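Here is the structure we will look at, set down as structure tokens.
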Amino acid sequence: MKIYISHSSKYDYINKIYNPIKKSYLKKRNTFFFPHDDNNKVINTKDVISKYDLIIAEVSLPATGQGIELGWADYAKTPILCIYKKGVQISSSLKFITNDFIEYENDIDMINKIDNYIKNKDIISK
């Protein structure tokens, strides 16, 4: 499965999202697009977001840029999974683009819950 990772640029995405996923078994089973990796910074995400099977959006911090990305994904009918740190109040407007939310406690919990979601969700590969 091809998975696009979305997040606020103000979030510690390297340590809290990218590294845990890259070190996990999820990376072995799926292809991930990390928009802030050095090799991806020159890519216009609007042009590629529709080519992914799933968008995983870390929504613990609100971000205008991420909202735009999620709007593009919604328009492209790409499934969106919103994940957020336990105890964080997320934007209520997210309910208009997805019904899929995961609250997690730590890196291991996040990886396990994403894996369970992928296994149990019927997502058609593009």
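The values are calculated or read from the model by the stated rules, or taken from the named source; none is laboratory data. Since the structure is predicted, the reported quantities are computational estimates derived from the model, not experimental observations. For neighbour counting, all protein chains shown are included, and Cβ atoms are generated from backbone atoms with ideal geometry for every residue, glycine included. These area figures cover heavy atoms from the full protein model, side chains too; ligands, DNA and RNA do not enter into them. Shrake-Rupley method; radii C 1.70, N 1.55, O 1.52, S 1.80 Å.
Determine if the range 43-54 includes at least one residue that is surrounded by fewer than 14 Cβ atoms within 10 Å (Cβ to Cβ), among the acidic types (Asp, Glu), more than 22 Å from LYS16 (Cα to Cα) and without any contact (Cβ under 8 Å) to a residue 40 or more places away in the chain.
Yes, that holds for at least one residue.
Which condition number in (1) out of contact with any strand residue (DSSP E or B) (no Cβ under 7 Å at 6 or more places or on another chain); (2) farther than 16 Å from SER9 by Cα; (3) of a type outside the set (Lys, Arg) is the one that GLY65 fails?
Unmet for GLY65, out of (1) out of contact with any strand residue (DSSP E or B) (no Cβ under 7 Å at 6 or more places or on another chain); (2) farther than 16 Å from SER9 by Cα; (3) of a type outside the set (Lys, Arg): (2).
When you go through ILE68, ILE83 one by one, which is the residue that is outside any loop (DSSP other than H, G, I, E, B) and either in contact (Cβ under 8 Å) with a residue 24 or more places away in the chain or touching a Leu at 6+ places or on another chain (Cβ under 8 Å) (or both)?
ILE83
May I ask you to verify whether GLU105 is under 23 Å from ASP12 (Cα atoms), touching a His at 6+ places or on another chain (Cβ under 8 Å) and modelled with pLDDT of 95 or more?
No; evaluated as a whole, the condition is false for this residue.
Could you pull out the residue among GLU58, GLU69 that is under 13 Å from SER6 (Cα atoms), touching a His at 6+ places or on another chain (Cβ under 6 Å), open to solvent by less than 80 Å² (accessible area, probe 1.4 Å) and not hydrophobic (A, V, I, L, M, F, W, C)?
GLU58
When the residues of the range 86-106 are narrowed to those that are over 19 Å from TYR52 (Cβ atoms) and assigned to a helix (DSSP H, G or I), which ends up least open to solvent (accessible area, probe 1.4 Å)?
This residue is SER93.
Within the range 36-49, can one find any residue that is among the charged types (D, E, K, R) and at pLDDT 90 or above?
no
Can you confirm whether ASP109 is under 24 Å from SER24 (Cβ atoms) and open to solvent by 30 Å² or more (accessible area, probe 1.4 Å)?
Against the criterion (under 24 Å from SER24 (Cβ atoms) and open to solvent by 30 Å² or more (accessible area, probe 1.4 Å)), ASP109 qualifies.
Cβ contacts < 6 Å: first residue assigned to a strand (DSSP E or B), restricted to the range 1-18; second residue among the small types (Gly, Ala, Ser), any location; separation 6+ or different chain. Result?
Hits for this filter: SER6/ALA57.
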